[in-house]
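Down below is the structure, laid out as structure tokens.
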Amino acid sequence: SQQGEEDPQALSIQEGENATMNCSYKTSINNLQWYRQNSGRGLVHLILIRSNEREKHSGRLRVTLDTSKKSSSLLITASRAADTASYFCATDRDSNYQLIWGAGTKLIIKP
Amino acid sequence: GAVVSQHPSRVICKSGTSVKIECRSLDFQATTMFWYRQFPKQSLMLMATSNEGSKATYEQGVEKDKFLINHASLTLSTLTVTSAHPEDSSFYICSASGTGSLTPQHFGDGTRLSIL
């Protein structure tokens, strides 16, 4: 079952601009993860943020987590055409390491 | 590191055929493997969770006799779609996870299954 909702569903920006995607969830979590999926491919793990963390950086990626609002955001700075992909957030479900997936944001970077 | 190989990448076959998809963790031991189905422009739908040496746990609504999962070793899980029909056409993706709640899932590249 899906508990995450992402917005926007689709985002189209010019290369060089920053892209921000948001994710909301419903239940308490231990951690939240962001993944990327290129068209017709599997998913690639980008970053994991624990519930006691508020912000995390990895290269051009910045993730924030607000557990009081049950929401997270993924910021990609200085976007590149190669960043074109779908981005999904996922929260842990239970002790069996299952994840609950958001609906995803399709990001298009125009060169 | 953490490479997951999924094979085949694409299958086209006639209705009634059974299709086996393999998922291998190449450089780590996968305690748990997950099988997902993804419809066009949609998110991942978890089908089942498998732990090495035990029976898979299927999500509600997923027919275990239709989608047979075997996780015989710490590096290999297989999904067999039995007597496939056109409605089984989809993109199937596996992922593997090591131990620990902070271990991310590592994904195969998916299998595009088309049943004629």
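Results, tabulated for the structure shown:
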read-out: Estimated translational D of chain B in µm²/s (Stokes, Kirkwood radius over Cα pairs; 25 °C; 0.890 mPa s); value: 174
read-out: Restraint check, B:LYS20/B:LYS66; B:LYS20/B:LYS64; B:LYS14/B:LYS55; B:LYS14/B:LYS66; B:LYS20/B:LYS55, Cα-Cα greater than 20 Å; value: B:LYS14/B:LYS55
read-out: Sorted peptide list for A:52-63, B:30-41, criterion being average Cβ within 10 angstrom, highest first; value: B:30-41, A:52-63
read-out: Per-residue average of Cβ from other chains inside 10 Å of A:52-63; value: 0
read-out: Cysteines, the protein assembly as shown, no other Cys beta-carbon under 4.7 Å; value: B:CYS13
read-out: ³J(HN,Hα), Karplus 6.51/-1.76/1.60, whole Hz, each residue of the range B:24-31, x for Gly, Pro; value: 10, 8, 8, 9, 7, 8, 9, 5
read-out: Listed residues A:PHE88, A:ILE108, B:THR31: farthest to the positive end of the dipole of the protein assembly as shown (Cβ charges); value: A:ILE108
read-out: Chain A, dipole about Cα centre (Lys/Arg Cβ +1, Asp/Glu Cβ -1), debye to the nearest 20; value: 120
read-out: Amide H within-cut-off set for B:ALA48, under 5 Å, with H built and near neighbours excluded; value: B:TRP35, B:GLU59
read-out: Computed over chain A: relative contact order in percent, which uses C-alpha pairs under 8 Å that are six or more apart; value: 38
read-out: Test item: Cα-centred dipole of the range A:28-73, Lys/Arg +1 and Asp/Glu -1 on Cβ, debye; value: 100
read-out: Cα-based reach from A:LYS69 at 28 Å (exclusive), listing lysines while leaving out same-chain residues under 8 positions away; value: A:LYS26, A:LYS56, A:LYS106, B:LYS41
read-out: Distance in nm between pseudo-label sites at B:SER9 and A:GLU17 (7 Å out along the Cβ direction from Cα); value: 3.2
read-out: Cα-based equivalent ellipsoid of the protein assembly as shown: semi-axis lengths in Å, sorted from largest, via gyration tensor; value: 30, 20, 15
read-out: ³J(HN,Hα) computed for each position of the range A:55-68 - Karplus, 6.51 cos²θ - 1.76 cosθ + 1.60, integer Hz, glycine/proline x; value: 8, 8, 10, 8, x, 8, 9, 9, 10, 10, 9, 10, 6, 5
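Any read-out appearing in this document is the output of simple, stated calculations on the displayed coordinates, not a laboratory observation. Nothing here was measured: the structure is a model prediction, and the numbers come from that model. So basically every Cβ, Gly included, is an ideal-geometry build from the backbone, and we count neighbours across all protein chains shown.
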